[in-house]
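For reference, the structure discussed in these notes is given below.
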Amino acid sequence: MLTGVRIVFLGGDARQIEVIRKCVEMDATVSAAGFDKWDSPCEGVSLGGMSADLLDGADVLVLPTVGCDDEGHISAKYTEEPLQLLTEHIEALPSHCTVYTGMAKEYLKRLCAQRGLELVELLDRDDVAIYNSIPTAEGALVMAIQNTDFTIHGSKAMVLGMGRTGFTMAKSLQGLGANVTMGVRKQDHYARAEVMGWSPFMTDQLLEHVKDVDYIFNTIPSLILTAKVISHMPRHTCIVDLASAPGGVDFRYAEKRGIKAMLAPGLPGVVAPKSAGMIMAGALLQSISERILVKGDK
């Protein structure tokens, strides 16, 4: 239980609402800014505007999955009022406050470092990333199906990068009957892909493997699908880029050649916000509980 713990939420989307609900269930004292357009707020949440007074006395500050941009602007789906995290807000937080987000940009890291606050990036956790890979893969499949006129079953589907998302993506494609090829950059990933029944190749040989590909799902966050590579693909190829923006695809050239290429960041929050929110809630509550225990032992 989180009785006596004051948690402040700033902005977010449907995922954040699920996290808020769970914190209320755990008996935390919850305040939130950026939710004045929330149709049916749950009981036990104090809603207000963004201010230093709101943050004063907070034990935990929770920001959206992408905390804020390089000027402190916070994404907030449920308000028309701009939210901007400034130095005055961070300075209002007690020194023991822990700041949580999915991933932090340099602006947020710098503010927390200057104030001496602990910053936790939940997407750095392996369990969160692995669970999140499931709605990511499902969303990518939906996009691919909606933008092609042929089945995934029997197609040649390529996955680039065998990290947590790439692994789940390849496994999902295999389950649907695709012939999966896997572009990897490490020998141990090559071996694992082969054991899984996929056809692995090293990414420096990519040009040789795209000539008859139907789908490409990229997870590598650097330009790998260059104009040269795209020029060797069939025109019917469908590319879904799951890497962090700006992605790993030359979108300009893909459009020029008539190849469908889509950047698809943040799919968990788009296709399965309830599940994605529960994933984040579980990680957040575990982390807060662990810190309470540690502080209690001191």
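Summary of values
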| quantity | calculated |
| --- | --- |
| Solvent exposure of the range 51-180 as accessible area per residue, Å², 1.4 Å probe | 46 Å² |
| Cα pair distances exceeding 14 angstrom across the range 64-114, given as percent | 52 percent |
| Max mean-square fluctuation residue, GNM over the chain, Cα-Cα springs under 10 Å, options 183, 154, 139 | 154 |
| Semi-axis lengths (Å, descending) of the ellipsoid that matches the C-alpha gyration tensor of the range 101-208 | 33, 17, 12 |
| Beta bridge orientation in the chain: antiparallel %, DSSP, nearest 5 | 5 percent |
| Helical mean residue ellipticity (222 nm; -39500 (n - 2.57) per DSSP H run of 4+; nearest 500) of the chain | -11500 deg cm²/dmol |
| Separation of alpha-carbon centers, the range 194-219 and the range 156-172, rounded to whole Å | 10 Å |
| Kirkwood-Stokes translational diffusion coefficient of the range 90-158, alpha-carbon pairs, 10 °C, 1.306 mPa s, µm²/s | 104 µm²/s |
| Cα centre as origin, Lys/Arg/Asp/Glu Cβ charges: the range 59-121 dipole, Debye | 160 debye |
| Tail fraction, Cα-Cα pairs, the range 218-282, threshold 13 Å, whole percent | 64 percent |
| Pairs of Cα atoms farther than 36 Å apart, the chain, % | 28 percent |
| Local electrostatic count, residue 143, Cβ distance below 11 Å [Lys/Arg +1, Asp/Glu -1] | -1 |
| Rounded accessible area of residue 274 (nearest 10 Å², 1.4 Å probe) | 130 Å² |
| Net charge of Cβ neighbours under 12 Å - reference residue 52; Lys, Arg +1; Asp, Glu -1 | -4 |
| The range 3-16 - phi-based ³J(HN,Hα) in whole Hz, Karplus 6.51/-1.76/1.60, Gly and Pro as x | 4, x, 8, 9, 10, 10, 10, 10, x, x, 10, 4, 4, 5 |
| Percent of C-alpha pairs per 5 Å bin, the range 129-265, short to long | 2, 11, 23, 27, 23, 11, 3, 0 |
| Listed residues 73, 133, 226: farthest to the positive end of the dipole of the chain (Cβ charges) | 226 |
| Residue with peak Gaussian network fluctuation, the chain [Cα springs, cutoff 10 Å], from 147, 132, 218 | 147 |
| Inter-centroid distance (Cα atoms) of the range 9-49 relative to the range 233-298, Å | 22 Å |
| Accessible-area composition of the chain, carbon plus sulfur, in percent [1.4 Å probe] | 50 percent |
| Directionally averaged shadow of the range 32-132, computed from the convex hull of its alpha-carbon atoms, nm² | 6.9 nm² |
| Heavy-atom accessible area ranking, 1.4 Å probe, most first, across 164, 252, 257, 21 | 252, 164, 21, 257 |
| Amide H contacts of residue 68 (H built 1.01 Å from N, under 5 Å, at least 5 apart or other chain) | 105 |
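The values are calculated or read from the model by the stated rules, or taken from the named source; none is laboratory data. Computed from a predicted structure; not experimentally measured. FYI the Cβ positions are ideal-geometry reconstructions off the backbone, even for glycines, and counts take in every protein chain you see. To get the accessible areas, we keep the full protein, side chains included, count just its heavy atoms, and leave off ligands, DNA and RNA. Shrake-Rupley method; radii C 1.70, N 1.55, O 1.52, S 1.80 Å.
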